[in-house]
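K.L.:
Sending over a structure as structure tokens; questions will come in a sec.
Each reported figure results from applying straightforward, stated rules to the coordinates on display, with no laboratory input. This structure is a prediction, so every number in the text was calculated from the model and none was measured. In this analysis, Cβ positions are derived from the backbone assuming ideal geometry, glycine residues included, and neighbour counts consider all displayed protein chains.
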Amino acid sequence: MVKRALYRLSVDEYDRMIEHGILTENHNVELIRGEVVPKMSIGPPHSGCVRRLNKVLGKLVGEQALLGIQDPLGLADSEPEPDLMLLVPRDDEYSTSNPQPSDVLLVVEVSDTSLDYDRDVKGPLYAENAIVEFWIVNLVEDCVEVHRDPRPDGTYATIRKALPGESITLALLPTVSLDVAEILA
């Protein structure tokens, strides 16, 4: 039996597929390590949590950051679409190019059925690309996993589970603090 190598797409090739209509929003996919992979389906608890995060963080950050909801993030060999990103403000609001790791203040993945994937695939991807702060809103264990201090080996040096009743202050926006219970309501 002959094992065939997979062809891996570059981010530019993937973006051209989108630009030319080969891939559309209806395909519900993202580029992870050169592979076009299906995104998990989103149920009411997940989508409700994303809406709460949008509302709460939007009020707290004001003009200090732009919110991206399930928007593409340009990485070295991937273009994931995290549930939420806080981005450095830019006049064009990222209408001329996707955000890059240096534009990111926070990446958030809301996880229920995707918990292992978010921890084992997306977490290392974000760490390798020097995303300073990555949260997993863990709907299974009713907590927010806060990952900070990325290392090149794909791990985060600091990981803590914040529970309802505790608050989280953003690493890159230290004037912004939110109660975990507001997210998990």
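K.L.:
For E19 and V36, compute 0.36 nm times the residue count separating them, minus their Cα-Cα distance, and round to one decimal in nm. Provide the component values of the computation, followed by the final result.
P.N.:
Details: separation 17, 0.36 × 17 = 6.12 nm, distance 1.53 nm.
Value of the extension gain: 4.6 nm.
K.L.:
Here is a further query. Would you grab the residues whose amide H sits under 5 Å from the one on R33? Only those 5+ places off in sequence or on another chain, please, with H modelled 1.01 Å from N.
P.N.:
S78, E79
K.L.:
Taking 8 Å as the Cα distance limit and 6 or more residues as the minimum spacing, I'd like the relative contact order of segment 140-185 as a percentage. Display every interim value, and only then the final one.
P.N.:
Numbers: 65 pairs, mean separation 14.5, N = 46.
After rounding, I find 32 percent.
K.L.:
Order of 74-87, 135-148, 41-54 by packing, highest average Cβ count within 10 Å first?
P.N.:
Going from most to least packed, we get 74-87, 135-148, 41-54.
K.L.:
To continue, here is another question. For the chain, what does the relative contact order come out to in percent, with C-alpha contacts under 8 Å and a separation of six or more? If you can, show how the numbers build up before the last one.
P.N.:
Values: 325 pairs, mean separation 26.9, N = 185.
About 15 percent, as a whole number.
K.L.:
To continue, here is another question. Tell me the label-point distance for the pair A157, E182, using the 7 Å Cα-to-Cβ offset, in nm and rounded to one decimal.
P.N.:
2.9
K.L.:
Would you mind computing, in nm to one decimal, how far apart the modelled labels at D142 and T96 are, each placed 7 Å from Cα along Cα→Cβ?
P.N.:
Simple spin-label model gives 4.8 nm for this pair.
K.L.:
Once you have all Cα-Cα distances for segment 1-93, histogram them in 10 Å bins from zero and send the whole-percent values.
P.N.:
14, 37, 32, 13, 3, 1
K.L.:
Quick one: length gained pulling T113 to V88 fully straight, 0.36 nm per residue minus the C-alpha distance? Could the numbers behind the result be given before it?
P.N.:
On the way: separation 25, 0.36 × 25 = 9.00 nm, distance 2.99 nm.
Between T113 and V88, full extension yields an extra 6.0 nm.
K.L.:
Computed from the coordinates I sent, mean projected area of the Cα convex hull in nm² equals one of [x] 13.6; [y] 10.6; [z] 11.9. Tell me the label.
P.N.:
[z]
K.L.:
Principal axis extents for segment 28-76, Cα atoms only, whole Å, descending order, please.
P.N.:
On the principal axes, segment 28-76 reaches 36, 29, 11 Å in Cα extent.
K.L.:
At a Förster radius of 45 Å, what calculated FRET efficiency corresponds to the Cβ-Cβ distance of S167 and Y7, to the nearest 0.05?
P.N.:
Working: r = 46 Å, r/R0 = 1.03.
The formula returns an efficiency of 0.45 here.
K.L.:
Okay, helix-only estimate at 222 nm for the chain: each DSSP H run of n ≥ 4 adds -39500 (n - 2.57), divide by all residues, round to 500 deg cm²/dmol; what do you get?
P.N.:
Working: 4 runs with 38 residues, N = 185.
Estimated from H runs of four or more residues: -6000 deg cm²/dmol.
K.L.:
Still on this structure: Pairing the Cα long axis of helix 44-61 with the longest principal axis of the chain, what angle in degrees results, from 0 to 90 and rounded to the nearest 10?
P.N.:
Compared with the principal axis, the helix lies near 60 degrees.
K.L.:
Computed over the Cα atoms, what is the radius of gyration of segment 39-118 divided by 2.2 N^0.38 Å, N being its residue count?
P.N.:
After normalising by residue count via 2.2 N^0.38 Å, the value is 1.10.
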